[in-house]
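What follows is a set of notes on a single structure, which appears directly below.
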Amino acid sequence: MSGGIVVTGWGMVTPLGFNSRFTWNALLEGINPFNPLRGPEWKGFEAPRAAQALEAWIPQTLIRRDRSLQLAALAAEEAYDQAELSKVPADRIGTTFSSSKGGVVSLLTAGSGPYESWDYLSDYFPHSAGLLLRQRLGFSGPGLSVSSACSTGIGSISMGARMLQEGECDAVITGSTESSIHPLIYAGFNNMGVFSRQWEGPTAFDLKRDGFLMGEGAAAMVLEREESAKKRKAPIQVRLSGWALGADAYHPFEMEPKGQVIVSVIRKALKKAKLHSWDIGYINAHGTATQLNDRVESQAIYKVFGDKKSWVSSTKGSTGHLLGAAGSVEAVLSVIALKEGVLPETRNLNFPDPQCRIRHVETGGIKQRVKHVLSLSYGFGGQLGAVIFSHV
């Protein structure tokens, strides 16, 4: 199909802000989003912290819905409005929107608070967010849910692009959401020893890195077939020029030490985009600030890009690790970086690890116009994803 896939809108709700603009501005300011978790349920943990989307205003009609669905609705409605999707026939709009855990907090707190009469079938499943979006926004095209741990967002984007290529619809609202800050989920990560103990939060690619901190949020992106978007005079923003998925299946929680599948996925995305490694100006790395992840990812990036020296940063130190929402939020941040000509910093990067042989975007960020950006995500179980965005 000629013309390719373009992005006509996006939306975000993160611990940095209740929409895309507030999130981006706070990201550039280096805001610390991590706050103590208070309440009797957190007394069993030593100084528990997380990044919560506290500024999000929830419409009255969503008060009794799971938190992950509330955030999804806010992000998707921003994207829907920016893309002017009301001009597209309802049956030609699809969705690939998901969560890695669904409404897990509602499930774990069912029978108390707002969930005393909770509807299990409406909010728990990973596809529930997509269903809610179709109900609220009134479109009736095909729906698909991709749940692949922390790469859920990129999986959703990739599946949305394929849906468009196959002509199943003219536009797709794609993305992911996550709100799973609950003592049970927190305890799992805490027992694995992957949480940062540093007051300033995660320090990706730093010699002193010691892990990440959880966050919550959602992001949505509107993808369209270029010919359809031009025909309706849509506000075309950038092009989705390449994407690829993969899995190393090495270990339930650990990355394959040589990063060979990461290398393969990046190269597949470059091939689809018909680009060379030196064309990529900025990479939003997965960058969890764990010792193994950062070292392996950096080595994989170096194998592909070598001394081409694309700028690289991780935004998880600014947003928290948004788990299932990480891929879609970081994809949107990459698109904004492309549009704005500003590359966001790796927050708290003070002593770069010499084993992480990449060109870091350090404190303060960089004003740099680039033509193509790459966003990477990996998830437990070896789920891998890469997406490339380019100027139109």
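The values are calculated or read from the model by the stated rules, or taken from the named source; none is laboratory data. Because the structure is predicted, anything quoted here is derived from the model rather than measured. With ideal geometry, Cβ positions are generated from the backbone for all residues, glycine too; neighbour counts draw on all protein chains shown.
Beta carbons closer than 7 Å, at least 6 apart along the sequence or on distinct chains, never pair a first residue in the stretch 182-193 that is assigned by TED's automatic domain parsing to the domain that holds His321 and under 13 Å from Glu46 (Cα atoms) with a second that is buried (at least 17 other Cβ atoms within 10 Å of the Cβ) and not small (Gly, Ala, Ser).
Residues that are among the acidic types (Asp, Glu) and within 24 Å of Met214 (Cα to Cα): does the stretch 286-299 have at least one? Yes, because at least one residue in the stretch 286-299 is among the acidic types (Asp, Glu) and within 24 Å of Met214 (Cα to Cα). Would you mind listing the helices (runs of 4 or more DSSP H) fully within the stretch 273-392 where at least 1 residues are outside the structural domain of Ser158 (by TED's automatic domain parsing) and without any contact (Cβ under 8 Å) to a residue 40 or more places away in the chain? The helices (runs of 4 or more DSSP H) meeting that bar are 291-305.
No other residue among Ala79, Ala90, Ala75, Ala110 is free of Cβ contacts under 8 Å to residues at least 60 places away in the same chain and touching a Gly at 6+ places or on another chain (Cβ under 9 Å) apart from Ala90. Please verify whether Asp91 is surrounded by 23 or more Cβ atoms within 10 Å (Cβ to Cβ), acidic (Asp, Glu) and more than 30 Å from Ile366 (Cβ to Cβ), treating the condition exactly as stated. Spelling it out, it is not the case that Asp91 is surrounded by 23 or more Cβ atoms within 10 Å (Cβ to Cβ), acidic (Asp, Glu) and more than 30 Å from Ile366 (Cβ to Cβ). Residues that are touching a Phe, Trp or Tyr at 6+ places or on another chain (Cβ under 6 Å) and within 23 Å of Val335 (Cα to Cα): does the stretch 176-191 have at least one? The answer is no, given that none of the residues of the stretch 176-191 is touching a Phe, Trp or Tyr at 6+ places or on another chain (Cβ under 6 Å) and within 23 Å of Val335 (Cα to Cα). Has the stretch 287-301 got any residue that is touching a helix residue (DSSP H, G or I) at 6+ places or on another chain (Cβ under 7 Å) and surrounded by fewer than 18 Cβ atoms within 10 Å (Cβ to Cβ)? No; the residues of the stretch 287-301 include none that is touching a helix residue (DSSP H, G or I) at 6+ places or on another chain (Cβ under 7 Å) and surrounded by fewer than 18 Cβ atoms within 10 Å (Cβ to Cβ).
Consider the stretch 199-226 and keep the residues that are at pLDDT below 95 and farther than 26 Å from Thr152 by Cβ. The one that is surrounded by the most Cβ atoms within 10 Å (Cβ to Cβ) is Glu200.
Scanning the stretch 133-151 for residues that are in a helix (DSSP H, G or I) and surrounded by 24 or more Cβ atoms within 10 Å (Cβ to Cβ) returns Leu133, Cys150, Ser151. Scanning the stretch 27-50 for residues that are under 21 Å from Glu362 (Cα atoms) and touching a residue at least 12 places away in the same chain (Cβ under 8 Å) returns Leu27, Leu28, Gly30, Ile31, Asn32, Pro33, Phe34.
Each residue in the stretch 48-67 was checked for being assigned to a loop (DSSP other than H, G, I, E, B) and modelled with pLDDT of 95 or more, and 3 pass.
From the list Ser277, Ser264, Ser334, the one residue that fits, being among the hydroxyl-bearing types (Ser, Thr, Tyr) and crowded, with 20+ Cβ neighbours inside 10 Å, is Ser334.
Would you confirm, using the coordinates I've provided, whether Ser151 is in contact (Cβ under 8 Å) with a residue 12 or more places away in the chain and closer than 25 Å to Leu292 by Cβ? Here the answer is yes, as Ser151 does meet what is asked.
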